[in-house]
Amino acid sequence: MSTTDGPTPLPGAKASQAAADRQSKKGGAGTSADATHKKGLFGAWSEKWQAMPRQKQWLYLIVVVLIAYALPVINPPILSTEPGNDFPLALFSMAVYALVAVGLNIVIGYAGLLDLGYIAFFAVGSYTAAMLTSPDSPFVKIPYLWTIPLAIVVAMCVGVILGIPTLRLRGDYLAIVTLGFGEIIRILATLIPAMKGQVGFQNVGRPPGEGADGIPIFANSNGTPWYWLTLTILIIVLFLAGNLERSRVGRSWIAIREDEDAAETMGVPTFKYKVWAFALGAGVGGMSGALFAGQVGFVNNQKFDIVTSILFVAAVVLGGVGNKVGAVFGGALVAYIPLRFTAIAEYKYLIFGIALMLIMIYRPKGLIPARQRLLAYGQQAYQRVRETSAKKSAVVTEKEV
Amino acid sequence: MLSTVLTAVPADSDWINFDVAALAQNFWSATFDGLTFGAIYALVALGYTLVYGVLNLINFAHSEVFIMGCYAVFFTLSFLGFGPSAPNLSFGAILINIILALIAAIVASAVTAFLVERLAYRPLRKRNAPRLVYLITAIGASFVIQYLIFLWRGPLPEPALTMFIPTPIFEVFGTIIDSQQIVIVVAAVIMMVLVDQFIRRSRTGRGIRAVAQDPDTATLMGVNKEKIIVTTFIIGGILAGAAALFYVMKIPSGVQYNGGFILGIKAFAAAVLGGIGNVRGALLGGLLLGLIGNYGQILLGSSQWTDVVAFVVLVLVLLIRPQGILGTSLGRSKA
């Protein structure tokens, strides 16, 4: 019963290794048409990136991060979504989508579980933040920043409750149960009086701090600080997700994704790790929901459409299933396109729906395909393989000489 | 500290109210209405079950197959001059009009099912794609159909059409059973018996069972697998078309671009409840889910609770008996 298998690892691994070998021989020109063809749109860049020494990678990363932080201040003319939409707010929404996509990528990309109701966890996080900070709610009030970890915990609990009955079964059941749950959470918010339906919760809390003129720094209309906060969280989550990916847990997820039966036979407690993946994904979703609720300042049942869930899936698929950088890219893109090109905003569901189908049929690895390296040994093994092949080629050249 | 938390938490009445008296009072009317809804769920559930039996995949686009049928019914009937009030026609004329609408719905749903199979499933089968890819493509297809309808017809439901005024036929347990309920339940059961017999007795039905049991061996034995898969999708489409007619009859204002979605979830829950891949299970699951949903709706006080109840049933079934009540698969059902 191989329920949830992604692309097979071996051919990809071979291809990337071969490409790397070619790189080391050629001295890193990395423009071979073959490699580009196999590695997607950004294949050449990806190869180049892997061939760089670690220090250089860090340097580039820092530059990219700094540019990302500076974006709302620079407001670059072509990229900017103005005059249609406020650019810092657009950036915030891109960052939230990216965060959601990174969280969903843990579930879909790493563990190979299709979660079609991710918006539900987002909603759980939003409601947690709203009900514990808004003056409209009868609950105890706590400072906003505390609701973020709490939203993670609550969403994870919901994830475990949903995951336990469904994760023992085939992946399809999880897909439909999450799809149903995404809709049910909205209906529950309508039906349960304490959740206030369409009236919702006004004045959701915000992080402390006021500017010189008495206006709070984290005002609802001021996207920049919210964007910075979300970007910081996104970077932390990326690091954690990257570490998880390389850890024992991450290796188990990949094993489960590739062949659940084989993984089980090899002693991987598949059910346990599937629940973990699902719960962690839910936690990230809850956290993004809490951030979203804080920035918008108003939560009601209209904000959590099941169709947005499908957009989230589209973000992960677009970026490349199993690739966290791809997820960030896909998430940001899915949020950015309707905000930048307001003329086609109305058609966004149609566009992303078609994109979802076409990508899955013709380019199932997405725009930035995940590198299929041997995760068991991680980068080190990869490095060693490259070194030996470099030595071999060196030996060959010596002999030739 | 604890006491402050307790006082700060809203009272019970703010969460969920149980109205047992209302349920006791309306028990029988809820039962008959529930059976009517159940028959509709069962017809849609069969589409899920058949495709699942043959391909081992959930056809996420089946809800859209269903809603296309609803639109076909709507357009046919408005074209024939039906409106919000029941037409002043003879019994025979109404019957002919309804049969025309049924044919239109069946054609629309079957064509949609065929196209979904061609565009979303077949290209992947050729590539031997992993399961996850099928699911994502299917949900993409469902999404695309939904938003094509949205762009075409807008977000609001279509105006309600009345086909005929239900006339009381007889009374059981002090509850009147009307012609509409009888038409829906009887027609649905007849269709399901036909499908059941078709799968059990016909040559194509044997092919469907063979592919469900073991696609590779079936192909070696001379079964045309591709043809069987298409046939299965089309049978599902035909049943969804019939369900669409009854649905519009029962809920005239339910024709909306996303109207199929929640019904699809309920029908899937019905299929799982009866045992997915099992034709008779779909009927049983549909009727049971219709009953449970209707009781829940009256107990909890709002029609939207049916959706929540159906979902809870789905999760509970998966937790307690994931193979469903009847449990056998399509392939292993008796010849």
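At full extension, A:Ile235 and A:Phe298 could sit 20.1 nm farther apart than now, given 0.36 nm per residue minus the alpha carbon distance. Taking all Cα-Cα distances within region A:80-361, those exceeding 28 Å account for 34%. Counting lysine pairs in chain B whose alpha carbons fall under 29 angstrom apart, excluding pairs fewer than 8 residues apart on the same chain, gives 7. Of all the options B:Ile320, B:Ile251, B:Ile184, the one that moves most in a Gaussian network model of chain B with Cα springs shorter than 10 angstrom is B:Ile320. Residue by residue along B:147-156, Cβ atoms of other protein chains within 10 Å of the local Cβ number 2 on average.
Per residue, the convex hull spanned by the Cα atoms of region B:208-264 amounts to 94 cubic angstrom. Near the amide H of B:Asp178, within less than 5 Å, lie the amide hydrogens of B:Ile169, all on another chain or at least 5 residues away, with H placed in the peptide plane. Seen from B:Gly290, the other residues with C-beta closer than 15 Å to its C-beta sum to a net charge of 0, counting Lys and Arg as +1 and Asp and Glu as -1. Can you tell me the FRET efficiency between B:Asn224 and B:Lys126 if r is taken as the Cβ-Cβ distance and R0 is 22 Å, rounded to the nearest 0.05? Efficiency for this residue pair is about 0.90.
Shown in residue order for region A:260-266 are the 3J(HN,Hα) couplings computed by the Karplus curve 6.51 cos²θ - 1.76 cosθ + 1.60 at θ = phi - 60°: 5, 5, 4, 4, 4, 4, 7 Hz (x for Gly and Pro). If we count chymotrypsin sites (Phe, Trp or Tyr not before Pro) as exposed when they sit in a DSSP loop and have at most 11 other beta carbons within 10 Å, what is the longest stretch of chain B that avoids them all? Longest stretch, sites excluded: B:174-335. As a length-normalised measure over Cα pairs under 8 Å and 6 or more apart, the relative contact order of region B:17-320 settles at 39 percent. In terms of its Cα atoms, the protein assembly as shown spans 97, 74, 49 Å along the principal axes, sorted from long to short.
Normalised by residue number, the volume inside the convex hull of the Cα atoms of chain B is 173 Å³ per residue. In the elastic network of chain B, a GNM with C-alpha springs shorter than 10 Å, the most mobile of B:Met221, B:Met191, B:Met249 is B:Met221.
Taking a point 7 Å out from the Cα of A:Ile217 in the direction of its Cβ, the residues of region A:135-157 whose backbone N falls within less than 19 Å of it are A:143-149.
Per-residue shielding of B:257-265, expressed as the average number of other chain Cβ atoms within 10 Å of the residue Cβ, stands at 3. The H on the amide N of B:Leu326, modeled in the peptide plane, is under 5 Å from the matching H of B:Gly275, each at least 5 residues off or on a different chain. Mean partner shielding of peptide A:166-174, defined as the number of other chain Cβ atoms within 10 Å of each residue Cβ, is 5. Just checking the listed ones, B:Ile58, B:Ile99, B:Ile235: in the Gaussian network model of chain B with Cα springs under 10 Å, the one fluctuating most is B:Ile99. With R₀ set to 30 Å, the beta-carbon distance separating A:Asn203 from A:Met52 gives a calculated FRET efficiency near 0.05. Counting Lys and Arg as +1 and Asp and Glu as -1 over every other residue whose Cβ lies under 13 Å from the Cβ of B:Phe75, the net charge comes to 0.
Values quoted throughout were computed directly from the atomic coordinates according to the rules given, and no laboratory measurement underlies them. The structure presented is a predicted model; accordingly, all values stated were derived computationally and were not measured. Reconstructed Cβ throughout: ideal geometry from the backbone, glycine too, with neighbour counts over all protein chains shown.
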